[in-house]
Amino acid sequence: MKKPGKRLISLQINGMEYEVAVRSDRTLLELLREDLMLTGTKEGCDDGSCGSCTVLLDGSPVRSCLLLAVEAENREVTTIEGLAENEKLHPIQQAFVDHGAIQCGYCSPGMILTAKALLDENPAPSEQDILHAISGNFCRCTGYNKIVTAIRAASRNGKGGD
Amino acid sequence: MDELLHVGRSIPRKDGPIKATGRAKYTVDVALPGMLAGKVLRSPHPHARIVSIDTGKAARLPGVRAVVTAEDSLKIKHGFVETPRYPADQYPIAVDRVRHVGEDIAGVAAIDEETAEEALSLIEVEYELLPAVFDPEEAMRPDAPEIHPNNPKVDEPYRNIGGKTATSWGDTERAFAESYLVREDKFYCQMRAHGYMEPQATVAHFDYSGKLNVWTSSMGVFLKRAKLAKTLGIPHSSVRVLKTYVGGAFGGKIDLFHHEYIASLLSMKCHLPVKIVYSREEVFKAARPAQPLIVRIKTGVAKDGEILGQEIEAINDSGAYHGSGVVVIFLAWGFAMAPYRAPNLKYEGYSVYTNNLVRAPQRGHGAPKMRFAVESQFDMIAEELGMDPVEFRLRNVRKPGDILPNGDSVKKFGLSECIERVAERTDFRNRHEAGKRERETGATVKRGIGIGTTAYFGGSLIYPNSSSAIVKLNDDGSVSLLTGALDIGQGCETILCQIAAEELRMPVEEVQIYAADTETTPVDIGSWISGLTYVTGNAVKKAAGQAMEKLLAAAARELDADVEDLVARDKQIFVGHSPERKISYARAVAASIARDRGDSIIGEGHFRTMKDVPTHPSLASTKGRWTENYSSYAQVAEVEVDTETGAVKIVKVTTAHDCGFPVNPALVEGQIDGQVSMGQGHILSEELRVENGCVINPSFLEYKIPCSLEMVETDYIDVITEEYKRGHHYNTKEVGEGYVSGTVASVANAVFNATGVRMKKTPINPYDMLAELKRIRKEVS
Ligand code: FES
Ligand code: FES
């Protein structure tokens, strides 16, 4: 079986410049998890249905299992590893911890990044806005209730946000 | 008594930050130098004899490092249950027959996944197809194809009855003869997937010291070690199972899974680490799904609603091997009899071999199915008697102190209080009457309300039966807690730290926990059978209590005071009546080491439930003690049924629960929310569809678990029946499994309340709902 050749691409991940040689059939998820060992991004299905692999591409949530790594060329990727500043959790991360929005935690990276994209765009979302924003991210543990509470707490409505 | 500092409080979970930042290592994240990708070759046939396997071409493919088949194995069988009646019935790698689609036949380890995949395609297997059977009731016929010709027969002449539980008391015939009303109904529950977000995953590394190191997404490390050691034929001391974070399990990751065995065997062959991760499709098609159940119930009641007698038959399709089938038919009996009195009862449960996938327990393990059946029938009877469903339940509910037929006491059982309080909070009686009127109106969307209840056991005697814990005081007075418990998301690490901190009167943040490593942490019962907070929690309580005693003894000597006069707080020990006389924990530790010939301060604790009972109850006869603590809960669901589309929406579920004493109320709420959501999936949307033994909807696109847009509002009422006291063990009850049942049952009852449609099969899909609505309309007109 002939494997496709590699391409050299540049991209920014969590504010750092990367130049990587990547096979053109590799997904962004594989690049992050396997080549760069950024394993915070999770794989739950590999067919775009679960949302665990969500990262931000130029600030918008994308499913990294559905995106080829080469499509991220010259773009800016944010993964869960890029959110906390030094040891200080991002306010959304802190809200997830404080409000019991994390159980097994497998969905949390994707969920938190989806929430970040929502709040960056709409700092004071309604409950419906929140439910819609995370509707492509499955969580099997929490029933979503405490996730919604956490996102609201991190929003301007909950006096989080700035 | 000192006020409680930490237990009973909603502190955020200790592993929150590491999970929120993506630094928590799950099994799928484990990467070791030289690690190979492993893949499993699975049977495409539901039943076949393996005539030959040729792995030659696969082994010669460049990049392949090892190939294994049954010939590389010791051919030692294992089983979820291994008793004289139910001996182990499953090889970890198929020997000469496959009995279900997806059964593991061979394993390959290669330098990457693609090479491993290609190698699989080069393995040549010749099969001789055998007749297969998929329906449990068909498989029960004497002439059905025989799936295990050489297994001992449990119920001659039925060849495929793999397990039977039978018990009775009183005289049901007479009870029915004396009854004012007798009903007989049959209910069906579907086959579901667990839907854990982290797929099955294992890394095995047999190193050059001869040790097999295993990281695996599981529910407890000690059971995995025991089963791997047994099937691989190596000592327990040669297997080390290490902690990883677990991305959900819900019952689906107990027992030995064959990829764990195959990864180990591959690594033992090539001495390199081997990682096997299932694709999601593989999870749906080859991992163990949950137990389906068919329940037939006949109930006789007096005119005032008193239950006089019940006959129950449960049929479980166990799939190709026992799996947990022989257990679920025992548990289903327990969930039938525990919450309500039935003075005369006859129960028969059958676990039947078919050529379907083997099953695992799933959250509730039989309770959602049994309670769905019983509680649906309760409402049908109440309706016929013209009684309110709440009154009917209160009439029959078990009271505190009741002794069950197996000798267990329900002790401070809170179910009647749960029922009363949930009914009051939801204005149930009025709204139930209003719901009945909805049936008559022409409204397109009808609103209804329903109730469902359950009792659940809290730990039982299954390997390894007990938990131990070690608490070490460090030089600076901080604490290290060693426990074999594995946190699967429920938050056990957090509550164990709360308990240690409570006993040691110190900040929770200063308790460091080291968990779930078979080599360095003590034995633990595991995160199943709903006994961890009770069993491991009490072991930690004893260990921390013992460490505290030693610390106080050292402090008393240093302060020249009596131990009884000492007060501890914030890592300082004071003399109560003269608080200026004090010593820090750090100095007390140092003093102990200096004065007591080097004794540092370490506490150990051990706990076993039902300590005077030798073993678990009989799965065949139900005789013997089952558990020490029965939780209970009553749930009310409010639903909307769209009579044009057949869609059911669950608006709100209110739960009144008696979990004894909530060590961390926020974590309890998390468990309730999660279970309401799982119950929602069970009753409305989730079903594995199977054709000729093969799952035909193997993705989240076709197997629908609840998403945020269907989020159900939840409300909770705590019914607290136990206390946490110093110097005693405490009684917590189950909290993580049984709520599923109340949700399933209450929604079914609410749907009936709103529409008059009684669904006896789950899930209630819009298609069936519309058909039933139409049928009713025809009957009326
Ligand atoms: S892994 Fe990408 S959506 Fe599930
Ligand atoms: S916390 Fe487990 S899947 Fe969301």
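When a/c reaches 1.5 or more, the comparison of a/b and b/c decides; with that in mind, is segment B:1-119 rounded, prolate or oblate per its Cα gyration tensor?
Numbers: a/c = 3.54, a/b = 1.60, b/c = 2.20.
Note, shape of segment B:1-119 comes out oblate.
For chain B, just say rounded, prolate or oblate: build the C-alpha gyration tensor, square-root its eigenvalues into a ≥ b ≥ c, call rounded for a/c under 1.5, and beyond that prolate if a/b exceeds b/c, oblate if not. Because a/c hits 1.5 or more and a/b fails to exceed b/c, chain B counts as oblate. Loop-located chymotrypsin sites (Phe, Trp or Tyr not before Pro) in segment B:159-224 (DSSP state not H, G, I, E or B) with no more than 10 neighbouring Cβ atoms inside 10 Å: B:208. Relative to the 2.2 N^0.38 Å rule of thumb, segment A:6-82 has a C-alpha radius of gyration ratio of 0.96. Rolling a 1.4 Å probe across the protein heavy atoms gives segment A:1-122 an accessible surface of 43 Å² per residue. Overall, the accessible surface of segment A:6-82 at a probe of 1.4 angstrom is composed of carbon and sulfur to the extent of 43 percent. Taken about its Cα centre, segment A:50-147 carries a charge dipole of roughly 380 debye when the Cβ of each Lys and Arg holds +1 and the Cβ of each Asp and Glu holds -1.
In the P(r) worked out for segment A:91-156, what percent of Cα pairs fall beyond 19 Å?
Taking all Cα-Cα pairs of segment A:91-156, the fraction more than 19 Å apart is 15 percent.
Residues of segment B:642-691 whose accessible area (probe 1.4 Å, heavy atoms of protein chains only) drops by at least 30 Å² once all protein chains are present, relative to their chain alone: B:670, B:673, B:677.
About the centre of its Cα atoms, the protein assembly as shown shows a dipole size close to 1100 debye [charges on the beta carbon of Lys, Arg (+1) and Asp, Glu (-1) only; nearest 20 debye]. With a 10 Å cut-off around each Cβ of A:39-52, the average count of Cβ atoms from other chains is 6. With Cα atoms as the point set, the radius of gyration and Dmax of segment B:669-769 evaluate to 17.7, 58 Å. As a rough guide to protection, the peptides B:326-337, B:125-136 ranked by mean Cβ packing within 10 Å, highest first, stand as B:326-337, B:125-136.
Averaged across A:141-152, how many Cβ atoms of other chains sit within 10 Å of each residue's Cβ atom?
6
If you average the C-alpha positions of segment B:53-87 and of segment A:31-54 separately, how far apart do those two centres end up, in angstrom? Cα centres, segment B:53-87 to segment A:31-54: 31 Å.
Counting only residues at least eight positions apart within a chain, or on another chain, the lysines with an alpha carbon under 27 Å from that of residue B:346 are B:153, B:164, B:186, B:298, B:303, B:369, B:399, B:411, B:412, B:623, B:760, B:761. Our note on the geometry: Cα centres of segment B:531-602 and segment B:663-682, 37 Å apart. Rounded to the nearest angstrom and listed largest first, the equivalent-ellipsoid semi-axes of segment A:47-118 from its Cα gyration tensor are 22, 15, 9.
Beyond 29 Å, what share of the Cα-Cα pairs of chain A is found? Please give it as a whole percent.
19 percent
Taking a ≥ b ≥ c as the square roots of the eigenvalues of the Cα gyration tensor of the protein assembly as shown, is the shape rounded (a/c under 1.5), prolate (a/b larger than b/c) or oblate? Here the protein assembly as shown falls in the rounded category.
Projecting the Cα atoms of B:753, B:30, B:86 onto the dipole axis of chain B, where Lys and Arg carry +1 and Asp and Glu carry -1 at the beta carbon, places B:86 farthest toward the positive end.
Could you let me know the centre-to-centre spacing of segment B:383-415 and segment B:98-175, using Cα atoms, in angstrom? Rounded to whole Å, the Cα centres lie 39 Å apart. With all protein chains in place and a 1.4 Å probe, the accessible surface of segment B:349-490 carries 47 percent carbon and sulfur.
As a length-normalised measure over Cα pairs under 8 Å and 6 or more apart, the relative contact order of segment A:91-156 settles at 52 percent.
The values are calculated or read from the model by the stated rules, or taken from the named source; none is laboratory data. What you are looking at is a predicted structure, and each value in this text was computed from that prediction instead of being measured. Note that each Cβ is placed from the backbone with ideal geometry, even for glycine, and that neighbours are counted across all protein chains shown. Calculation scope for accessible area: heavy atoms of the full protein, side chains included, ligands and nucleic acids excluded. Shrake-Rupley method; radii C 1.70, N 1.55, O 1.52, S 1.80 Å.
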